[in-house]
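**Student:** Below is a structure I'd like to ask you about.
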Amino acid sequence: MTPVRTALICSVVAALLVLPSVGHRLITTSDEARFALLAREMTTRHAWFGARVSGEVYRNKPPLYPWTIAAVSLVRGHVTEATARIPGAAAAVGTVFLTALLGHRLFGPRAGLWAGLVLSTSFGFVEHSQLVLPDMLVTLFFTGALYMLWLGTTALHGRTALIAFYACCALGVLSKGPVGLVPLLVAAVWLGREQGREGLRRLWSPVGLLVFAVLTVTWLAPFLALGAGSFVGGVVWEEWLLWYFGLSMPWSIEQLAVGFLPWTLLLPLAGRRAFRAPRSRATTFVLVSIAVPLAAMLLSRHQLDRYVLPIYPSLALLVGRWADSDAAVPTIGGTILGWGALLSGVALVAAPAWADLPLDGFPLHLSWPVVPMVSGVGLAAAALFLGLRRARPALMVYGVTAGMGMLLGAGLWLYDDWLNRSSDYRRLAEALRQHAGAGEAAAFTTSRHLQIDFYFGRDLVPVWKEEMFDKKPGKFSDFMARAARPVAVIDASTWREIRERISVPVVTLDQLSSVAGEDMLILRGAP
């Protein structure tokens, strides 16, 4: 089987999982709405470098990700939930393709195929493929950089692959800033360990560095032109450096363990074998590509689950390599983990029968998506149990892939339906639009709700700006006292706290219950 054919098979599996539900889920967080709003600015105002959010130029992240959303949205002429999510889902499919391709080059066709299947059915990977965030794009270029780095160490592809390696690094930076440089750190550690100074010299590529510089200057120069001092001090120093550097609890390990399920159960076996057996150059390459970004995350002040996403492909390669070369030998550890997988599966299958078992309000009662979900859990658990106990890696990999496909495919629809009902910001924005008309409207809530701006169709007046947590009722009173009688949306808990201190009379126009767990009120200044 050729490398491309192997990668295409895995890509089809990934596409069947992540693409059907694209556009089904509402945009319900400010983090996601921010990039949809930037793309809307780019498509309507053609502000490709000076796009604004809430009236302020946004430079905290380089512009490649909103560019991709804007490009997809040009087909329909406006940004929608679907066009906002397509770039992330497509990047996930591309990442699976590159992972399978790299696995084929490193360990052979079957290991590459299995690595691609492992990645495409990892819980956290599929979850992040549905988010309107640039991290999946970073993961795509990180994996591409690893693939080109490996090719660049061979005489056949050396110069061309190194140029592509630096292009991937530049595109990673263009997606989210300095995190795109991590592949350079991986290359330096791996080549330095393998060949010392001579290995580091192999990274020298004048054309590659020129490509990196050109791609970086393309966006950096316009960003600096909008205010060099504010960009260096407010973005580079505060948002890119101070935000990340600093010690905290090692949440990255826990987030990887949860996000890589169910394949996390195989990591002890795969890791133990990789460290104890004589390591090949390819195995060392994979281990370094795991250790370096993980170490960088552990030294970070903020360890969000999406920050460790670029490590998933390398973990999949590690599991694929073990399944291909070592899993056919039965072990005591494998038997123990097999029983653990079976018992865990039984517990999960029984969970929907517990009528009083909600998870943050998520319904676990019987409904049509629960049937394939429960069947998928049972199939995956049985495949892990039989595959590990009887040392049949093919049964294990294909069985878990099929089970997780059923679980994740149905689970995405169930989760999206629940999220759309419990966080219906579109309904809130429509109610606000009816009361505001063409007049002013503002949001006065305990946190930024850019998702209301997205569905409202225009920016809400920034009543609080950066002082939104001060709960200063004077700001609210001044706004509501304007002669134009504007409207404001406010969450019920904030309203209860400040209503006795409001100096102007207001009337309640509408009340929407349970929007992301909060009752929301729409108010207007009384005449």
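**Student:** Check the range 276-288 and report whether any residue there is of a type in the set (S, T, N, Q), part of a helix (DSSP H, G or I) and at pLDDT below 90.
**Tutor:** If we filter the range 276-288 for residues that are of a type in the set (S, T, N, Q), which is where we start, we get 280, 283-284.
Next cut, part of a helix (DSSP H, G or I) only: 283-284.
From what's left, at pLDDT below 90: none.
No, the range 276-288 contains no residue that is of a type in the set (S, T, N, Q), part of a helix (DSSP H, G or I) and at pLDDT below 90.
**Student:** Taking the condition in a helix (DSSP H, G or I) and either hydroxyl-bearing (Ser, Thr, Tyr) or under 26 Å from Ala394 (Cβ atoms) (or both), does Gly124 pass? Before the answer, list the steps.
**Tutor:** Values: in a helix (DSSP H, G or I): yes; either hydroxyl-bearing (Ser, Thr, Tyr) or under 26 Å from Ala394 (Cβ atoms) (or both): yes.
Taking the combined requirement at face value, the residue satisfies it.
**Student:** Same structure again: If you take the residues in the range 269-310 that are basic (Lys, Arg) and closer than 28 Å to Ile336 by Cβ, which one is surrounded by the fewest Cβ atoms within 10 Å (Cβ to Cβ)?
**Tutor:** Here is the first cut: in the range 269-310, the ones basic (Lys, Arg) are 272-273, 276, 279, 281, 301, 306.
Subset that is closer than 28 Å to Ile336 by Cβ: 272-273, 276, 279.
Working: Arg272: 14, Arg273: 19, Arg276: 8, Arg279: 13.
It comes out as Arg276.
**Student:** Could you look through the range 154-196, keep only residues that are polar (S, T, N, Q) and closer than 19 Å to Ala282 by Cβ, and pick out the one that is most open to solvent (accessible area, probe 1.4 Å)?
**Tutor:** If we filter the range 154-196 for residues that are polar (S, T, N, Q), which is where we start, we get 154, 160, 175, 195.
Going one step further and asking which of them are closer than 19 Å to Ala282 by Cβ, we end up with 154, 195.
On the way: Thr154: 48, Gln195: 66 Å².
Taking the candidates together, the pick is Gln195.
**Student:** Just need a number here: residues in the range 398-420 that are small (Gly, Ala, Ser), open to solvent by less than 20 Å² (accessible area, probe 1.4 Å) and under 24 Å from Ile27 (Cα atoms).
**Tutor:** 2
**Student:** Something else now. I'd like the full set of residues that are open to solvent by 10 Å² or more (accessible area, probe 1.4 Å) and closer than 23 Å to Leu395 by Cα, limited to the range 92-116. Full working, then the answer.
**Tutor:** Here is the first cut: in the range 92-116, the ones open to solvent by 10 Å² or more (accessible area, probe 1.4 Å) are 93-94, 97-98, 101, 104-110, 113.
Selection gives Phe97, Leu101, His104, Leu106, Phe107, Gly108, Pro109, Arg110, Leu113.
**Student:** Could you look through the range 420-446, keep only residues that are modelled with pLDDT of 90 or more and among the aliphatic types (A, V, I, L, M), and pick out the one that is nearest to Ala484 (Cα to Cα)?
**Tutor:** The qualifying residue nearest to Ala484 (Cα to Cα) is Leu432.
**Student:** Moving on to the next point. Taking only the range 197-219 into account, find how many residues are within 14 Å of Gly177 (Cα to Cα), touching a Leu at 6+ places or on another chain (Cβ under 9 Å) and crowded, with 16+ Cβ neighbours inside 10 Å.
**Tutor:** Qualifying residue count, the range 197-219: 3.
**Student:** Among the residues of the range 389-410 satisfying the criterion of being of a type in the set (Lys, Arg) and part of a loop (DSSP other than H, G, I, E, B), which is nearest to Ala15 (Cα to Cα)? Explain how you work it out, then say what you get.
**Tutor:** Narrowing the range 389-410 to residues of a type in the set (Lys, Arg): 389-390, 392.
Now narrow it down to the ones that are part of a loop (DSSP other than H, G, I, E, B): 390, 392.
Working: Arg390: 31, Arg392: 27 Å.
Step by step, filter the range 389-410, then rank; the result is Arg392.
**Student:** Select from the range 507-527 the residues that are open to solvent by 40 Å² or more (accessible area, probe 1.4 Å) and either modelled with pLDDT of 85 or more or more than 18 Å from Gly439 (Cα to Cα) (or both) and list them in ascending order. Reasoning before the result, please.
**Tutor:** First pass over the range 507-527, keeping only residues open to solvent by 40 Å² or more (accessible area, probe 1.4 Å): 507-511, 513-514, 516-519, 524, 527.
Within the range 507-527, Val507, Thr508, Leu509, Asp510, Gln511, Ser513, Ser514, Ala516, Gly517, Glu518, Asp519, Arg524 meet the criteria.
**Student:** A follow-up question, please. Considering only the range 411-441, state which residues are outside any helix (DSSP H, G or I) and farther than 19 Å from Glu32 by Cβ.
**Tutor:** Narrowing the range 411-441 to residues outside any helix (DSSP H, G or I): 423-424, 437-441.
Across the range 411-441, the qualifying residues are Gly437, Ala438, Gly439, Glu440, Ala441.
**Student:** Give the residues of the range 10-58 that are crowded, with 17+ Cβ neighbours inside 10 Å, β-branched (Val, Ile, Thr) and part of a helix (DSSP H, G or I), sorted by residue number.
**Tutor:** Of everything in the range 10-58, those that are crowded, with 17+ Cβ neighbours inside 10 Å, β-branched (Val, Ile, Thr) and part of a helix (DSSP H, G or I) turn out to be Val13, Val18, Thr43.
**Student:** Starting from the range 1-27, take each residue that is within 24 Å of Ser73 (Cα to Cα) and without any contact (Cβ under 8 Å) to a residue 40 or more places away in the chain and list its partners that are hydrophobic (A, V, I, L, M, F, W, C) and part of a helix (DSSP H, G or I), counting only C-beta distances under 9 angstrom and pairs at least six apart or across chains.
**Tutor:** Val12/Val93
**Student:** Looking only at the range 483-505, which residues are open to solvent by 80 Å² or more (accessible area, probe 1.4 Å) and either farther than 22 Å from Leu428 by Cβ or not in a loop (DSSP other than H, G, I, E, B) (or both)?
**Tutor:** From the range 483-505, those open to solvent by 80 Å² or more (accessible area, probe 1.4 Å) are 483-485, 496-497, 499-501, 503, 505; that's our starting set.
Once the filter is applied, which keeps residues that are open to solvent by 80 Å² or more (accessible area, probe 1.4 Å) and either farther than 22 Å from Leu428 by Cβ or not in a loop (DSSP other than H, G, I, E, B) (or both), the range 483-505 yields Ala483, Arg496, Glu497, Arg499, Glu500, Arg501, Ser503, Pro505.
**Student:** Right, something else. Assuming Tyr147 fulfils every condition listed in (1) of a type outside the set (S, T, N, Q); (2) in contact with a His (Cβ under 7 Å, 6 or more places away or on another chain); (3) under 28 Å from Ile69 (Cβ atoms) apart from one, which condition is it?
**Tutor:** (2)
The values are calculated or read from the model by the stated rules, or taken from the named source; none is laboratory data. Quick caveat, the model's predicted, so the values are computed rather than measured. Cβ: placed from backbone, ideal geometry, glycine included. Neighbour counts: every protein chain shown. The accessibility values were calculated without ligands, DNA or RNA, using every heavy atom of the protein model including side chains. Shrake-Rupley method; radii C 1.70, N 1.55, O 1.52, S 1.80 Å.
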